[in-house]
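For reference, the structure is listed below as structure tokens.
What follows is calculated from the coordinates using simple rules that are stated; it is not laboratory data. Small disclaimer: the values here were computed from a predicted structure and weren't measured. With ideal geometry, Cβ positions are generated from the backbone for all residues, glycine too; neighbour counts draw on all protein chains shown.
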Amino acid sequence: MSKVFKLFKLALISLLVVTLLLIVLIIETKPLVVVDATAQVDDADTINLLLSQARQVTRKRYIPQTIIISNPQMNSIVGFLQRAIPEFSGEITTTEEKLSAKFSYKIPINWFSAYVNLEGDLISSAGIKVDNIKLGDLPISGKWALSVMTYIVNWRTESDLGNLALKQVSEVKTSNAGVQIKLIPIHEFLVSLNEIRNGLSGTDNEELKQRVTYYLAFLDALSFSQHRGGLPLADFINPLFKKVKSKTINSSAVLENEAALLALAIYVGHHRMANFIGKVQPYQNKVVMPYYRPLLRGRSDLTQHFVISAAIKILSQQGISNAVGEFKELMDRAEGGSGFSFADLAADLAGIKLAVMAIDPLYAEALQDALAQVQSEDQFFPIIDNLPEGLSKDVFSRQYGNVESEEYKEVVRSINRQIENLPLYQDLTIKESDSNNLL
């Protein structure tokens with residue numbers, strides 16, 4: 001017994017030593033890369049070209065194709081991540097021989113500056129070849145890193161998707177301008193991808209899925225005396241949250257609010273939002289949606305911004321929700337785009353605010369009561385009449401500089417102040433204040 005105890009003690013000490021050694025090698029006191037995300041996302045308008053290529057690839061899936069990704073496109077995506085996750089920073093550069101990527105993540109420790117730094121190269125070659133990978137001061141074999149990533153994808157999806165994905169790339173060619181990725185015909189890969197459900201999308205919360213399905217069916221069953229093109233969104237929110245209130249009696253207010261807002265985003269926002277939740281459509285081989293998309297301030301696009309931003313907030317972190325809306329508007333500044341719209345951004349921020357309050361246990365039930373009595377969008381949506389729209393990249397730069405300028409931030413602060421002062425949230429504040437007085 002004594003010998004077993006000594007062996008166990010030795011194994012434990014060895015494990016601690018290895019752990020400490022790894023921490024020393026991986027954790028660093030300075031970031032590997034410090035970049036200005038503001039400058040990176042200023043090239044967000046170039047992403048539209050990349051999205052066009054992606055659509056082309058799926059349309060021409062039966063023939064070999066080449067995707068060309070420029071340095072501004074890659075770094076604008078990295079900049080978006082940095083705007084969404086302030087602890088993260090990254091930078092990508094290319095030469096004729098390789099693509100070099102550097103990333104840093106600040107560990108949230110108040111009393112100590114601690115960073116996880118990762119760097120590596122994607123080499124110009126047939127297929128995919130990575131090299132010079134380092135996690136902190138710990139060197140990692142490129143082949144081993146690819147094997148681990150492939151294994152994780154295969155394990156998570158219970159398939160050979162990781163191996164299939166690697167086989168789609170026939171050649172990687174880098175230059176000073178960016179990278180070219182040559183693909184074999186990807187039809188079979190897309191078929192396999194479509195068949196793989198487990199682990200790719202959706203949530204493991206089966207109860208939430210069931211509630212979303214229920215509310216989708218409820219929304220689809222709503223009937224209106226005058227179903228003209230362009231019903232106000234309030235006409236959907238009022239009956240939906242009356243139903244939510246009745247269901248909360250035997251359930252959680254937060255859960256019911258989450259499910260109702262996700263269902264609303266799928267029903268009146270875009271049916272593909274369901275991909276982030278799982279199989280929630282109530283009827284087989286049918287996608288439920290209104291005949292006409294409801295309106296906010298007389299516009300259906302604002303409805304989409306509002307409900308989809310609320311759903312993204314529920315499914316992610318608030319910083320990501322803000323960054324998604326901002327990045328989308330920066331993309332729209334491209335020639336041929338709709339231009340940067342502070343009205344769209346206001347709809348994003350209003351949707352995020354609604355979701356924040358809906359999933360806060362302190363306000364969840366009070367919000368249900370308020371939304372069940374909503375008669376007008378004025379109660380939950382800001383005035384947009386004076387907000388600039390349709391700004392091209394040049395006009396935006398002249399008037400607001402960038403997303404870190406004081407001029408830009410003041411407009412955003414003004415929008416947020418208006419949202420905070422909406423009757424819906426003022427009533428909730430009063431109710432909370434009253435409840436405190438009763439304690």
Cross-link partners of residue 60 among aspartates and glutamates (Cα-Cα below 14 Å; sequence separation of 8 or more within a chain): 188
Collect residues whose amide H, placed 1.01 Å from N in the peptide plane, falls under 5 Å from the amide H of residue 295; neighbours closer than 5 in sequence don't count. 231, 233
Ranked by Cβ crowding within 10 angstrom, fewest neighbours first, how are 255, 262, 16, 99 ordered? 16, 255, 99, 262
Note on the stretch 240-302: alpha-carbon gyration tensor, axes a ≥ b ≥ c; rule is a/c under 1.5 for rounded, else prolate if a/b larger than b/c, else oblate; result oblate
Enumerate the calculated ³J(HN,Hα) couplings along the stretch 130-142 in order (Karplus 6.51 cos²θ - 1.76 cosθ + 1.60, θ = phi - 60°), each rounded to whole Hz, writing x wherever the residue is Gly or Pro. 10, 7, 6, 7, 9, 10, x, 9, 9, x, 10, 5, x
